[in-house]
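Undergrad: My questions all concern the structure below.
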Amino acid sequence: MRRIAHVDMDAFYASVELLRRPELRDLPVAIGGTGGRGVVTTANYVARKFGVRSAMPARQARELCPQCIFLPVDFDEYRKFSRLFKAAIATLAPHMEDRGIDEVYVDLTQIEEDARSVGVEIKRRIREATGLTCSVGIAPNKLLAKICSDLEKPDGLTLLGEGDLERRIWPLPVSRINGIGPKATERLRAIGIERIGELARFESAVLVDRFGPNYGRWLHEVALGRDERPVVTESEPRSRSRETTFERDLHPARDRAELTRILTDLCERLAEDLQKRRYVGRTIGIKLRFDDFTTVTRDMTIHQATADAQVILHVARLCLKRVRFARRLRLLGVRASGLSPADGAVTGAPADAGWETLPLFAASSGLQPPDEPSGSAAAGESSGLPPAHRV
Amino acid sequence: MLLINTQRDALLGPLQSVSGIVEKRHTLPILSNVLLEKQGDRLTLLATDIEIQIKTTAATSGGADASLTVGARKLQDILRSLPEGTDISLQLDDKRLTVKAGKSRFALQTLPAADYPRMAQAEGESLKLALTQKRFKRLLGLVQYAMAQQDIRYYLNGLLLVVAGGELRVVATDGHRLAYASEPIEENLARTEAILPRKTVLELARQLADSDEPLEILLGGNQVTFRFGAVELVSKLIDGKFPDYERVIPQGHPKLLTVPRLTLLHSLERAAILTNEKFRGVRTVLAEGSLKIIAANAEQEEAVEEIEIDYSGEALDVGFNVTYLLDVLRNVSNENVECRLNDSNSSALITLPGNERFKYVVMPMRI
C-alpha cells in the first residue's frame, strides 16, 4: 500500500511575517488588504478566532476584528521560506509534488520507518530550517492525506490507518473533499447528502445519473477514499496561460476593437509572465468560450520558441482565424506550452541544419552586414531569439 | 422584386475583381459573401476579409434598389458556368436572391447588408501618388516573389513601399534574400514608408493591367488605397519595423561576373533536378573563365553544369539555395545579369547591367 503525506504550512504568510515581528505574535494579524481595499490573503490563528478568513474582503475583516493588524504582502519573502521548507523535506523524502507556495505531497512509500516517526521528523526538520510549524496528514493516497492534514491544524500530525476512513472521514462534510466546491455541495445537499459517509452510501449509478459519468463516478470513488493519482515530481511547468471573462458578452465583429485590445493585453501579460520565469514556448494556443458556454481551443506550434508578446499575438491571431464565430464570446484566453528555459539552446533547427542559408539580418544589431569579413557570419547564430522578434 | 437585368459578362467581370480576396473559410460567415448595392443605374460590389476591401461598380438599368450580401463563390461559380453572353436577372424576394438565366434558376440565401463589415476611412493626411498601372505592376513583379510567407516575423510577410528622394522603392525579403527595385516619381513628396500585406500585393499583381491606364495610390493612417479602372482596393498596412534593407545591400564585393541570364537559368534548372524539397543547395564554383554549378543529393547522385564566362579573378566555391537563384532569374527579363561575390560566407549581389534600380541580395548556404 502507498503512503502519502500532505504537508501544509500553518497560516503561512502570517507565520513568515511573525518571524520578523515576534512582538505581534499574540495579536490578531492579517496579511493583505492594507489599503483598506482588497482581500485578506492569510490571517494568523488569533485573527481567525475573530472570524477573519483568507479571501475575505479587508473591510469585512476590519468589522469583525477592529484591532486586527494588517500587514502588506511580501511574496519574495514567502517564496524564500517556501524554498527553505521544501528543501528541508527533501533531505528526508525527495519524492515530492509541489502544490504551491505552502503545500506539498510527499510519497513516503519507500521509507521504512513507521508513519508517525516520519511525520514527526518532517515537522522537526521544517521547524529547524524555518522556525515555522506545519500540519501533516499521512494516508494511503493524496485525497485522504489532504483531508487529514486539515484535521488537527495547526501544528498537527494526523495518520489515517485501518478503519479510520469510516470513523474519521465519513462524518466530515462533503465540502472537505478537494474537488467538491460550493456548487456541487449545494447540489448534493439538494438530494440529502451533506456528509462524506452519506455520499459513500449512494450507488455509483445514481451519482452518474445526477452528475454525469465523469464527475459522478469520481464522487463515488472519493467517498470510498479511493484515489490513484501518483505523486508527480515534475517541476517544469508545462504551460502558462492568461484568460479573462468579459464583463459582458462580446460580439465577434461589432466588438472587434474591444476584443483586439483584450487579446493584445492577454498576450502582453502572458509574455511578461514567461519572461519573468525565463521560459519560452513553442506552442501558442487560444481558448474561446461562447455565450452558450461551448469552449473551443486552437493552437499552433511555431518554428522557434518565443516569449515575445508580438509573436504570441501574431500566432494567436492565426489561431483565431481557424475558429468559426457564430455566437457572442464570454471568455478569451491565450496559452503558451511546449515550454523550455529561455537561456537554453533553442531547438527546432531543421534536419538539414548544415545546409541552411545564412540569415540576412543578424542577431544583435538586427542586421548582419554581409560584406564584412567572414567570421561575422557566426553572429547570426548566437542568440536564441532572432532580433527580428523584437519590434 | 427585380433588381437587375443584365448580361452574364457585365456582372461576372466586376464580381471577379472583388471576389479574389474572399476567404473560403472565414471566422465570420458573412465574410464569405459579397455585398451588392443596387442604387439607380449603378450596382456596387464590395468584398472584404477585414484586412483588405475591394469595391467596384457596374452599370445596370431598371430594377428596384436594394442592398444585400450573398455567397461570393456560389454567385461567381453560377455566372461562370453559364454560357458567355447569356442574359441574366437578379431578383430579391423574402431574403432570397434568385438568379435567372434562360431555363436556369438559382435561389440563394442572403445575409443583411447592414451586418457586412466595412473598413473605416483612414484618418489624417494622406500621401498621393500617381503612376501607370504597368509601371507599378512591373515594380511588384521584380520583388514580390521574395516576400516571406507565414514568417513569424510578420512584417516580412509583405512588401515595403518607400517614397523618398524622388523615387518609389519596393523591397521584399524573407530573411535570407532580398529584392529591391525603384521607379522615379515626382519630386518633393514627404518621405513615407509602409508595409503592404502579402495578400494585398498578390491581389494587386493579379489585377493591375499591363497598360498606361492610371493608378492612384493614397497612403494615410494605417491603410493604403489603390484606385485603378473601376476598382478601389483598400488595405490595412502591416504595423511593424521593416529591417534596414540598405545596410544588407553589399558594397564593394570584389568578384564581378556577367552571365547570360537564360544560360544560367537553364543550367540551374537542370542542376536543380538532383536537389530535393529539403536539400535545395547547389555549389557554385568560380574559376578563371568558368562557372560551375554542382548539385549532389543524399543518394550520391551528382549534376555538374559548366558555363564559360569572362572572369579572371580569384577562385571561389560557395553554396546557394537554388530556388533563390531561380527566383530572380525568372523574374527579370534582361539578357545578362551581373553577379558580385566576395567569399563563401558573404552574400551575392545580383544586378542588371546598366541599371541601378534593381538589386537582389542572397545569402549563401553554410555547407
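Undergrad: Output the residue which, of all residues in region B:262-312 that are of a type in the set (S, T, N, Q) and buried (at least 18 other Cβ atoms within 10 Å of the Cβ), is farthest from B:ALA348 (Cα to Cα).
TA: Residue satisfying both the conditions and the ranking: B:THR275.
Undergrad: Something else about it: Would region B:125-146 turn up any residue that is away from chain A (no Cβ under 14 Å), among the aromatic types (Phe, Trp, Tyr) and assigned to a helix (DSSP H, G or I)?
TA: yes
Undergrad: Among the residues that make up region A:253-261, is at least one of them in a helix (DSSP H, G or I) and aliphatic (A, V, I, L, M)?
TA: Within region A:253-261, one or more residues are in a helix (DSSP H, G or I) and aliphatic (A, V, I, L, M).
Undergrad: Output the residues belonging to region A:175-193 that are among the charged types (D, E, K, R) and closer than 17 Å to A:LYS146 by Cβ.
TA: A:ARG176
Undergrad: Name the one entry in A:GLU221, A:GLU186, A:GLU228 that is in a helix (DSSP H, G or I), within 26 Å of the chain's Cα centre (by Cα) and within 30 Å of A:VAL118 (Cα to Cα).
TA: After applying the criteria, what remains is A:GLU221.
Undergrad: Here's something else I'd like to know. Of the numbered conditions (1) at pLDDT below 90; (2) of a type in the set (Asp, Glu); (3) closer than 30 Å to A:TYR279 by Cα, A:GLU228 satisfies every one except a single condition; which is it?
TA: (3)
Undergrad: Let me ask something additional. Tell me yes or no: at least one residue of region A:115-128 is within 20 Å of the chain's Cα centre (by Cα), surrounded by 18 or more Cβ atoms within 10 Å (Cβ to Cβ) and of a type in the set (Val, Ile, Thr).
TA: no
To keep it simple, each residue is scored yes or no on (1) out of contact with any Phe, Trp or Tyr (no Cβ under 8 Å at 6 or more places or on another chain); (2) hydrophobic (A, V, I, L, M, F, W, C); (3) within 14 Å of A:GLN67 (Cα to Cα); (4) in a helix (DSSP H, G or I).
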position: A:TYR13; (1), (2), (3), (4): no, no, no, yes
position: A:VAL16; (1), (2), (3), (4): no, yes, no, yes
position: A:THR34; (1), (2), (3), (4): no, no, yes, no
position: A:ALA47; (1), (2), (3), (4): yes, yes, yes, yes
position: A:ARG53; (1), (2), (3), (4): yes, no, no, no
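Undergrad: Evaluate the following for B:LEU75: is it at pLDDT 95 or above, part of a helix (DSSP H, G or I) and hydrophobic (A, V, I, L, M, F, W, C)?
TA: In short, yes.
Undergrad: Within region B:50-57, does at least one residue satisfy the condition of being of a type outside the set (Asp, Glu), within 14 Å of chain A (Cβ to nearest Cβ) and surrounded by fewer than 19 Cβ atoms within 10 Å (Cβ to Cβ)?
TA: Yes, that holds for at least one residue.
Undergrad: Could you list all residues from region A:111-138 that are within 17 Å of A:LEU159 (Cα to Cα) and without any contact (Cβ under 8 Å) to a residue 24 or more places away in the chain?
TA: A:GLU112, A:GLU113, A:ASP114, A:SER117, A:ARG124
Undergrad: Oh, and also: Restricting attention to region A:7-52, report how many residues are in contact with an Asp or Glu (Cβ under 7 Å, 6 or more places away or on another chain) and within 21 Å of A:TYR105 (Cβ to Cβ).
TA: Of the residues in that region, 5 qualify.
Undergrad: Select, from A:PRO171, A:PRO154, the only residue that is modelled with pLDDT of 90 or more, under 28 Å from A:VAL16 (Cα atoms) and surrounded by fewer than 16 Cβ atoms within 10 Å (Cβ to Cβ).
TA: A:PRO154
Undergrad: Name, by its number, the condition in (1) away from every other protein chain (no Cβ under 13 Å); (2) buried (at least 17 other Cβ atoms within 10 Å of the Cβ); (3) hydrophobic (A, V, I, L, M, F, W, C) that does not hold for A:LEU313.
TA: (1)
Undergrad: Enumerate the pairs (first residue in region B:69-89 and on the phi > 0 side of the Ramachandran plot; second residue anywhere and in a helix (DSSP H, G or I) and of a type in the set (Asp, Glu)) with beta-carbon separation below 8 Å, excluding pairs fewer than 6 apart on the same chain, so at least 6 apart or on different chains.
TA: As it stands, the answer is B:GLY85/B:ASP9, since those pairs meet every condition given.
Results for (1) farther than 17 Å from B:TYR180 by Cβ; (2) in contact with a Gly (Cβ under 7 Å, 6 or more places away or on another chain); (3) of a type in the set (Gly, Ala, Ser), shown as yes or no for each residue.
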| site | (1), (2), (3) |
| --- | --- |
| B:ASP317 | yes, no, no |
| B:THR323 | yes, no, no |
| B:ASN334 | no, no, no |
| B:ASN342 | yes, no, no |
| B:ALA348 | no, no, yes |
| B:GLY354 | no, no, yes |
| B:PHE358 | no, no, no |
| B:VAL361 | no, no, no |
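Undergrad: Give B:GLN251, B:GLN223 a once-over and let me know the one that is touching a residue at least 24 places away in the same chain (Cβ under 8 Å), at negative phi and among the polar types (S, T, N, Q).
TA: It is B:GLN223.
Undergrad: From the residues in region B:151-196 that are within 11 Å of another protein chain (Cβ to nearest Cβ) and out of contact with any Leu (no Cβ under 8 Å at 6 or more places or on another chain), which one is surrounded by the most Cβ atoms within 10 Å (Cβ to Cβ)?
TA: B:LEU156
Undergrad: Within the set of pairs 6+ apart or on separate chains, which have a first residue in region B:309-337 that is away from every other protein chain (no Cβ under 14 Å) and touching a residue at least 60 places away in the same chain (Cβ under 8 Å), a second that is of a type in the set (S, T, N, Q) and surrounded by fewer than 17 Cβ atoms within 10 Å (Cβ to Cβ), and C-beta atoms under 6 Å apart?
TA: Close Cβ pairs satisfying both conditions: B:ASN336/B:THR258.
Undergrad: Take the conditions within 12 Å of chain A (Cβ to nearest Cβ) and not aliphatic (A, V, I, L, M) and apply them to B:ARG340. Does it pass?
TA: yes
Undergrad: Among the residues of region B:114-124, how many are more than 14 Å from every other protein chain (Cβ to nearest Cβ) and either touching a Ser or Thr at 6+ places or on another chain (Cβ under 8 Å) or modelled with pLDDT of 90 or more (or both)?
TA: 1
The values are calculated or read from the model by the stated rules, or taken from the named source; none is laboratory data. Because the structure is a prediction, the values reported are computed rather than measured. Here Cβ is always computed from backbone atoms with ideal geometry, including for glycine, and neighbour counts include all displayed protein chains.
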